[in-house]
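Contents: one structure, followed by commentary.
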Amino acid sequence: MSSLRFKAVEEAAKRLPLEVNDPKELPSEYYGNYVFNRKQMAKYLSKETMGVVLEAIDKGATLQPGIADHVAAGMKMWAIEMGATHYTHWFQPLTEGTAEKHDSFIDYEAGVDGGIIERFSGKLLAQQEPDASSFPSGGIRNTFEARGYTAWDPSSPAFIVDDTLCIPTVFISYTGEALDYKTPLLKTLSAVDKAAVDVCKLFDPAVKKVFSFLGWEQEYFLVDQALYAARPDLSLTDRTLMGHESAKNQQLEDHYFGSIPPRVAAFMREVEFESYKYGIPLKTRHNEVAPNQFELAPIFGETNLAVDQNLLVISLMKKIAAKHHFKLLLHEKPFAGVNGSGKHNNWSLGTDTGIGLFTPGKTANENLLFVTFLVNTLMAVYKHNALLKASISSAPNAHRLGANEAPPAIISVFLGSQLSSVLDKIEESSDDDEITVDELKKMKLGVAHIPEVLIDNTDRNRTSPFAFTGNRFEFRAVGSSANCSSPMTALNAAVASQLIDFKQEIDVKIRKGMKKEQAIYDTLRLYIKESKPIRFEGNSYSDEWKEEAKKRGLDCETSVPVIFDAYTSKQSVDMFERLGVLNEKELHARNEVKWETYTKKIQIEARVLGDLSINHIIPVATQYQSMLLDNIYKMRAVFDKDKADKLSQDDVSLIEQIATHISAIKTNVDAMVDARKVANKIENAREKAVQYHDTVAPFFDIIRYHVDKLELIVDNQMWPLPKYRELLFIN
Ligand code: ADP
Ligand code: MG
């Protein structure tokens, strides 16, 4: 009998919801208390210092070294009063998640023998040198020059976790290349700011800054800690590599938006209280479609900050989950047969004058501005659809994309019927329908009449990977475990580059004597025609769409390692270099990291699958098989041969089935190991990843099929791994 599994089930089933100590105050009263935000700055910094810091935050200006000392002093005072004893630079290496190295504030006090003081200088605030040799760099750092340094990002406020002051930073090699997610994101955000401001000025000279906004929706699974510990595949790969579907799954659709299980509700509440302390405006929480799957989402905010907040929420969730005896699963597809997890990135641009650039306006001028940004985004997504797909691709997300539940592995844009018809009208217009802005600022061709009901656009196509949802685009293909910086960098860069092209075309036309509105209108009409292939309103899961998309010339590649090539295409390199976001060397190096990560993930899964199959499953199946054989002998001892044979028929058939499955498992595990040996000899990171994808990964489904069949045959009492019904329905 499998004692670990049953002990785990018993333990999990007995658990009660944890008491959560609700804060005495209202969220508005303790909101942001653990963040060195404007409120704290006003208390701990001089007016002058604060002014400079705010300028750096709002305008992206760099801080003078002298100022950093003042900021550090104020920050230290605040942190120590809050009970912090250590500080760390908190950064985002090219692995998922964040990294930190804690240093204590203590230092020897000069001239005082044996005395120490709490020291935190501007230098320590501004820069740190973590031993970076074990972070992935894609070959940028040689081992003899393994140093990288982290530098403070003042646009994301410092915060305190437990006893440590955490300072959000970028992570760069000594030769200046980005080794993290944040550096290219920040550069992209200032590129899109600049490009969008230039375009906005065509409409309103008062616009000085354009922000990129992000509202992420984080999906996740929770599994009881004891059950998780009894599943080596979950513990080591974050997903189940085997497990027959539960009789009941998500088919009754009774989990989505259903009442939240009490243990989970307690967990969620604590996550919310903690998040509010960090100024993270969590707004929604609910069950998701799959059993034991949930979602939370904050109110959207500036993209760089929103990315940091997502990473911080994830680390809070992990910690709080452990306290509630859960394990948090962020894998995109932890369970076969039920929905996987994504992280929709709701994205928009907005001006410092308060205009949402994807919000239909009331006047003709406002609507022309809206259509301008809408159409340029279509163009950007069209031109860079392969890159955008690469930005969300990973080994785990590949299980989600292309399956019949989530966005397909082809990027297209859904606009909805109303907007589509507005664009169609513009497209069909001719020069005779010349645009006129009369005294009432009414335009022809319906641009002025974009219905405001769009704001409540419920006509959403759930199958689209990139959908317009009223006042923003929702990039749905992003995986639940991803760092949002990756898609946000690609998207904002593509749009920035596109806006630059647009502005140049307008300038040329105006110089040639065309009226401004006419120039804009004219260009948009061309763009609408050109970007048409990216627009798709139908069912993105269908096979017809795959055929159609190929005809339209959209990127249809499904192999993740090959998808990454889009980062180093001439088009992408030109775009990133033009914007000063990443150079060719960096793009290549980052792809090396992606390929290595891909290979390692598949390699680990292959090892775990082999081990579980050979050492956990086959021995149990064999044991059950001998029990059946035993039974046949005993039948013969009691009954005459004919009767015994007749009565043993079913057992014989089971014995045969077990033998077939065991032999198939053995053969395929052996073949998978051989395939790995061949792949491991390959030096080139890309080729190796491709080989893993083509020759190792295909064994997973085959081996799993036979293991799952055995699960249906073998005595439940003997089965060693917690079953799907236990993992998914105990909470
Ligand atoms: P859904 O129906 O898709 O679940 P929600 O109302 O939960 O949508 O919103 C999803 C996210 O979109 C939230 O984080 C929300 O704040 C964000 N959001 C709303 N408007 C915008 C916008 N203009 N730009 C960016 N994000 C936005
Ligand atoms: Mg959504």
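Only the coordinates and a few stated rules stand behind these numbers; no lab work does. Just so it is clear, the model here is predicted, and its values are computed rather than measured. Glycine gets a Cβ as well: all are built from the backbone with ideal geometry, and neighbour counts include every protein chain shown.
Here are some notes:
- Three semi-axes describe the equivalent ellipsoid of region 583-673; taken as square roots of 5 times the Cα gyration tensor eigenvalues and ordered largest first, they are 50, 10, 7 Å.
- Altogether, the Stokes-Einstein calculation at 20 °C and 1.002 mPa s, with the Kirkwood radius of region 189-582 over Cα pairs as Rh, returns a diffusion coefficient of 97 µm²/s.
- Estimated FRET transfer efficiency (residue 633, residue 21; beta-carbon r; R0 51 Å; 0.05): 0.25
- The radius of gyration of the Cα set in region 31-180, together with its Dmax, comes out at 16.0, 46 angstrom.
- By average C-beta atoms within 10 angstrom, highest first, the peptides 489-498, 336-345: 489-498, 336-345
- Over the chain, relative contact order from alpha-carbon pairs under 8 Å, at least 6 apart, %: 16
- Taking the Cα centre of the chain as origin and assigning +1 to Lys and Arg Cβ atoms and -1 to Asp and Glu Cβ atoms, the resulting dipole is close to 180 debye.
- Among 232-242, 568-578, the order from most to least packed when residues are scored by Cβ within 10 Å on average: 232-242, 568-578
- Packing-based ranking of 476-488, 541-553, 87-99, 274-286 yields 476-488, 87-99, 274-286, 541-553, ordered from highest to lowest mean Cβ neighbour count within 10 Å.
- Using the alpha carbons alone, the radius of gyration of the chain stands to its Kirkwood radius in an Rg to Rh ratio of 1.02.
- For residue 62, neighbours were defined as the other residues whose beta-carbon sits under 14 Å from its Cβ, and their charges (Lys and Arg +1, Asp and Glu -1) total -1.
- Inter-part distance, region 168-197 to region 80-139, computed on C-alpha centroids, equals 22 Å.
- Mean-position separation - Cα centroids, region 223-247 and region 559-583, in angstrom: 37
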